[in-house]
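Here is the structure we will look at.
The values are calculated or read from the model by the stated rules, or taken from the named source; none is laboratory data. Note that the coordinates shown come from a computational prediction; the quantities given were computed from them, not determined experimentally. For neighbour counting, all protein chains shown are included, and Cβ atoms are generated from backbone atoms with ideal geometry for every residue, glycine included. Side chains included, ligands, DNA and RNA excluded: accessible areas come from the protein's heavy atoms. Shrake-Rupley method; radii C 1.70, N 1.55, O 1.52, S 1.80 Å.
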Amino acid sequence: MTDESSQAGLYELLDDIYLGKERVSRGEIARRAVAAELPAHLLTRINALPEGEYAQDEAEEVLHSSTEGELP
């Protein structure tokens, strides 16, 4: 999976997770990412999120900024 397609997969997953929800816990995001078999570098970034709940835009911003320039 290329970095671009893995990013797209991440955003698609977040869209699915947040469907009908305003905030989601880091744990729920991590569980769903593992179940979706996201690449290891994205799972590492998700697991590095501090505990707590995130709005979708907050999660996307943190995960996007933490993966910029990263190689797959």
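Could you tell me how many of the residues in segment 14-28 are part of a loop (DSSP other than H, G, I, E, B) and either in contact (Cβ under 8 Å) with a residue 12 or more places away in the chain or acidic (D, E) (or both)?
Result for segment 14-28: 2.
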**Study point:** Residues that are open to solvent by 40 Å² or more (accessible area, probe 1.4 Å) and either touching a Phe, Trp or Tyr at 6+ places or on another chain (Cβ under 8 Å) or farther than 19 Å from D16 by Cβ (or both), drawn from segment 49-68
**Key:** P50, E51, Q56, E60, V62, S65, E68
Check your understanding: Out of the residues in segment 9-28 that are within 14 Å of E61 (Cα to Cα) and of a type outside the set (D, E, K, R), which is surrounded by the fewest Cβ atoms within 10 Å (Cβ to Cβ)?
Key -> Y11
Check your understanding: Are any residues in segment 29-48 open to solvent by 20 Å² or more (accessible area, probe 1.4 Å), under 14 Å from L63 (Cα atoms) and not in a loop (DSSP other than H, G, I, E, B), and if so, which ones?
Key -> A40, H41, L43, T44, R45, N47
